[in-house]
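> So that we are looking at the same thing, I have put the structure below in structure tokens.
The values are calculated or read from the model by the stated rules, or taken from the named source; none is laboratory data. Fair warning: this is a prediction, and the values are worked out from it, not measured in the lab. Ideal geometry is used to build each Cβ from the backbone, glycine not excepted, and the neighbour counts take in all protein chains shown.
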Amino acid sequence: MSELYDLIIAGAGPAGMTAAIYARRAELKVLLIEKNYMGGGQIINTYEIDNYPGLPGLSGMELATKMSEHVDKYGTERVQADITGLELTGDIKKVNTEQGSYEGKAVILTTGNSPGRLNVKGEEELAGMGVSYCATCDGAFFKNRTVAVIGGGDVAVEDAIFLARGCKKVYIIHRRDELRAAKTLQTALFACDNIEPVWNSVVKEIAGGDMVEKVIVTNVKDGTETELLVNGVFIAVGNVPNSSYIIGKKNRDELKEGELLLDEKGYVVAGEDCATSIPGVFAAGDLRSKPLRQVVTAVSDGANAVYSAEKYLVSLS
């Protein structure tokens, strides 16, 4: 008979590790599952995190290491495995992985999301060295410098406006000749003197030595190439929730037993209490449907999810 846990935490980013800390302090029997060799999620690829309260200037790897050590302090049981599916009907939930299946009375899903990629030369090599997927995280490092934002939706335009407050110049590169963002955002963007749109263009390459030095863009209409000298590139072409293992629907009326309610982008619908459409199943961090995804909001979710899970577990007794 397989071991039964009070709580299984699926994912060991900031939300998952915070949940593990809170759950072990509550003396719950916990299993933390992480597919990578170490916890931390996206922050391990962030060169510097300057907006986490009390720890300015810490690298993402350093913060992830400190969180992981904190988790281990409480003797949290951990498994490195890729999650392949969930069985969420009944009082006992099952998390299936490539290493086997694990059973728990409650589950917190914290597998986060991944930024949309351009998949161009130099993007991966210069990630964290001028290539960023989060303007609010890294924008302060490019004060009085020149940067490029890639994308044409709400996030890209918001990023460009945000960066324009501190940067010398901001290019916004979009494959079409008009933006997809809300008109109010477009009005604000075009009112910024230091933002220059680069229309009908896609990025062919991000180039540089130790840091980003330029982007090479191709005009989709005439095929001409242009080099833009920049210090940073902010890619805002959307994010993809890491939810391939989740069976869910975007219409509550169509949900079947064991299926989770998802929003239009595929994120798990859950309120500030992190409770999902299935009792005993909670979603925290970047996997949860919400307007702001930062380390600080993820750790907040982790704490809230455990608080809700504790109440749920008490209701079972």
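> Looking only at the range 184-207, count every residue that is surrounded by fewer than 16 Cβ atoms within 10 Å (Cβ to Cβ) and modelled with pLDDT under 95 and tell me the total.
Count: 1.
> Of everything in the range 266-317 that's of a type in the set (A, V, I, L, M, F, W, C) and part of a loop (DSSP other than H, G, I, E, B), which residue is farthest from N51 (Cα to Cα)?
For the range 266-317, the residue satisfying everything is I278.
> Looking at the range 163-180, which of its residues are under 20 Å from G139 (Cα atoms), under 25 Å from the mean Cα position of the chain (by Cα) and either in a loop (DSSP other than H, G, I, E, B) or touching a residue at least 60 places away in the same chain (Cβ under 8 Å) (or both)?
Matches in the range 163-180: L163, R165, G166, C167, H174.
> In the range 206-236, what count of residues is obtained for those that are under 28 Å from the mean Cα position of the chain (by Cα), closer than 15 Å to Y171 by Cα and acidic (D, E)?
Matching residues across the range 206-236 total 1.
> Of all residues in the range 250-277, count the ones that are under 22 Å from P291 (Cβ atoms) and crowded, with 17+ Cβ neighbours inside 10 Å.
Result for the range 250-277: 12.
> Within the range 208-258, which residues are of a type in the set (D, E, K, R) and assigned by TED's automatic domain parsing to the domain that holds E196?
D210, E213, K214, K221, D222, E225, E227
> Give the range 257-285 a look and list any residue that's of a type in the set (G, A, S) and more than 15 Å from the chain's Cα centre (by Cα), or say none.
Listed by number, the residues that qualify are G258, A270, G271, A275, S277, G280.
> I need the full set of residues from the range 45-78 which are in a helix (DSSP H, G or I), of a type in the set (A, V, I, L, M, F, W, C) and over 19 Å from I21 (Cα atoms), in order please.
Those that are in a helix (DSSP H, G or I), of a type in the set (A, V, I, L, M, F, W, C) and over 19 Å from I21 (Cα atoms): none in the range 45-78.
> Could you check the range 27-66 and list, in sequence order, the residues that are modelled with pLDDT of 95 or more and touching a helix residue (DSSP H, G or I) at 6+ places or on another chain (Cβ under 6 Å)?
Hits for the range 27-66 are V30, L32.
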